[in-house]
Amino acid sequence: MKKTFTLLFLLTAFTVGLKAQSNRMLLAEGFTSTTCGPCAAQNPAFDALLHANTDKITAIKYHMSWPAPGNDPMYLHNTVDNNARRSYYNINSVPHVYLSGNIFHGTPSQINQTMLNNHANQPADFDIKLQHRLSTDQDSLYVTMLIKANVAVSGSLIAHIAVIEEEVHFTSAPGTNGEKDFYNVMKALIPTRNGTVLPNFEANEYVIIEAGWKLANVYNISELAAVAFVQNNTTKYVYQAANSSTEPLVPFYTNDAEVKTISNGMSFNCSGSMSPEAVITNNSAAPLTAATVEFAVNGQVVQTVNWTGSLGFRQTATVEAGLISFDLLNNNDLTATITQVNGSADGYPVNNTFVSAFASAPILTQPVTVYILLNSKPEETSWELLNSTGEVVQSGGPYNTPGGIITQVLTMPQGACYEFVMKDAAGNGLCCGDGIGFYAILEGSNTTPIFSGQSFGYEERNQIAYGFVGVDETATETKIQLQPNPASNDVSFLINLKQSSEVKVLIHDLSGRLMISNSYGQLEAGQHLLSQTVSELATGVYMVSIKYNNGILTSRLMVE
């Protein structure tokens, strides 16, 4: 069975002195069959033309199921991908060739040397570098594609990678037309038959795509290679194509490190602390041996880490920030930035920062449930609920029922900040080859998750602020309107008492700590405009509770 893996990221241009752009490489997408008589008549001359112009044109051959009996083995090896390109071009006869998408299409005999000369050897809009390599156990082929725009290009851009078998030779014809020799036979389209969506490019912007294929139905493993191209999905125009090589790729830029992502962060936070990690990647040929990484929250640097090691091209490392603390706002940005590479400035700095947004955790008062749809490997799935001191107060898994459904009510005392950690022992979350699963955190009878996840790697963390109303208190009647909100000095609120009551204000931070307790004494029935000073509170989000005889009014307060 075919298995694919992929990674795509955009690196914005910032350098000079780039290698001169290459000439254009044309692409011939040929449709043929071992049961097609005209194919056998035209393919030898067409293949000879291709072999004589390897500096101008490359090819991908898709095998079809017709004419009858439709038993072409190279079609049967991958019917889905062969049919995908047939449908893309609406092919209804063989032999047929599309030249660079929309330059020309017709029979192979109609393509000649003059046509190739007229369209090749021109400056290319893109440079493409392509490498293929077999896995150590030789059961998978990995392909790396580097795409750099030489000019600004926009539109519905798609990158395609085709794994091919460059030569397939039979001792006896596999079909009815007598052909025994076949070239650039398509084996698989990776990472998918639809290709990889690309962004619009400015000049010198570049993208790296990495994909892999689990070998299947290969005649000669030494003949495996790849052809890649960039195509406009609307016009079908192919801007540039490339053949793969086993030689090491030479990156477009030198001294180029990137923050690939931030792991161990979270989407929701109520503690004002976390322990994030930055995953850094070396995008240059020279080894990356040292990097300085700054972690910042809302523009304020909270940690600087000097990393050392040794990373080759496209190798990654994890840089741990340790425990960081910050003033929590309603909406926050966590950034990791590489400020130095190998003791000097990065030659391509605009890929040095990764931004991860997170919000103040929702304050929940109804029962909270974890819902899990297990994938095909439930023994890899587990979870933990941590209190504000990091102690595990509840946990679940590993499980033993593939495709099973788990529902578990979380046990949380009132008035605290909790951290929920979802884990997968294999590092691929609840998806990616092990069946499709997911998890969700639900409050009460609500069907919309507070948060959920699926492709989270080894683990995913989020926090919940739960139950600022005690279980022994009268249930909350409604929320109260605070003015102004956000506030920096005083905050006011209007309360309407149906009878004489003692009124008290309690302000907690989102970890559950009581920050302000103030009694207004016994107030008569009627409306009262009250105020509370909050100038001594640090910037952040707080929970305000107004207690009186018949209930509690609550609201969230932002202090600037």
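In the stretch 21-43, which residues are touching a strand residue (DSSP E or B) at 6+ places or on another chain (Cβ under 9 Å) and either buried (at least 22 other Cβ atoms within 10 Å of the Cβ) or free of Cβ contacts under 8 Å to residues at least 60 places away in the same chain (or both)?
Met25, Leu26, Leu27, Ala28, Glu29, Gly30, Phe31, Thr32, Ser33, Thr34, Cys39, Asn43
Which strands (runs of 3 or more DSSP E) does the stretch 1-110 wholly contain that include 1 or more residues that are modelled with pLDDT of 95 or more and among the aliphatic types (A, V, I, L, M)?
By residue number, 26-32, 57-63, 96-99.
Pick out the one residue from Gly433, Gly467, Gly390 that is of a type in the set (Gly, Ala, Ser) and open to solvent by less than 30 Å² (accessible area, probe 1.4 Å).
Gly467
In the set Leu157, Leu130, Leu141, which member is surrounded by 13 or more Cβ atoms within 10 Å (Cβ to Cβ) and more than 25 Å from Lys56 (Cα to Cα)?
Just a single option satisfies the conditions, and that option is Leu141.
Can you go through Asn549, Asn496 and tell me which one is surrounded by fewer than 18 Cβ atoms within 10 Å (Cβ to Cβ) and out of contact with any Gly (no Cβ under 9 Å at 6 or more places or on another chain)?
Asn549
Please enumerate the residues belonging to the stretch 56-90 that are touching a strand residue (DSSP E or B) at 6+ places or on another chain (Cβ under 7 Å) and of a type in the set (Val, Ile, Thr).
Passing the criteria: Ile57, Thr58, Ile60.
Mind listing just one residue for me: the one in the stretch 160-171 that is open to solvent by 30 Å² or more (accessible area, probe 1.4 Å) and either acidic (Asp, Glu) or modelled with pLDDT under 95 (or both) and, of those, nearest to the chain's Cα centre (by Cα)?
The residue in question is Glu166.
Residues that are out of contact with any Cys (no Cβ under 6 Å at 6 or more places or on another chain) and in contact (Cβ under 8 Å) with a residue 40 or more places away in the chain, at least 1 per element: which strands (runs of 3 or more DSSP E) completely within the stretch 506-560 meet that?
526-533, 540-548, 551-559
Limited to the stretch 276-295, what total is found for residues that are open to solvent by less than 10 Å² (accessible area, probe 1.4 Å) and under 25 Å from Val421 (Cα atoms)?
The qualifying residues number 4.
Is the stretch 227-247 home to any residue that is among the basic types (Lys, Arg) and closer than 25 Å to Gly30 by Cα?
Yes, because at least one residue in the stretch 227-247 is among the basic types (Lys, Arg) and closer than 25 Å to Gly30 by Cα.
Does Glu459 fit the bill of being surrounded by 15 or more Cβ atoms within 10 Å (Cβ to Cβ) and modelled with pLDDT of 85 or more?
Taking the combined requirement at face value, the residue satisfies it.
Considering only residues that are part of a loop (DSSP other than H, G, I, E, B), touching a residue at least 12 places away in the same chain (Cβ under 8 Å) and of a type outside the set (Val, Ile, Thr), which ones fall in the stretch 391-408?
Passing the criteria: Gly397, Pro398, Tyr399, Asn400, Pro402, Gly403, Gly404.
Just one of the numbered conditions (1) free of Cβ contacts under 8 Å to residues at least 40 places away in the same chain; (2) within 20 Å of Glu247 (Cβ to Cβ) is not true of Asn118; which one?
(2)
For Leu334, are the conditions met, namely being within 30 Å of Val559 (Cα to Cα), touching a strand residue (DSSP E or B) at 6+ places or on another chain (Cβ under 6 Å) and at pLDDT 95 or above?
Yes; evaluated as a whole, the condition is true for this residue.
Could you list, in sequence order, all residues of the stretch 253-271 that are among the small types (Gly, Ala, Ser), under 26 Å from Thr539 (Cβ atoms) and modelled with pLDDT of 90 or more?
Ser267
The values are calculated or read from the model by the stated rules, or taken from the named source; none is laboratory data. As the structure is a prediction and not an experimental result, all values here were calculated from the model. Ideal geometry is used to build each Cβ from the backbone, glycine not excepted, and the neighbour counts take in all protein chains shown. Side chains included, ligands, DNA and RNA excluded: accessible areas come from the protein's heavy atoms. Shrake-Rupley method; radii C 1.70, N 1.55, O 1.52, S 1.80 Å.
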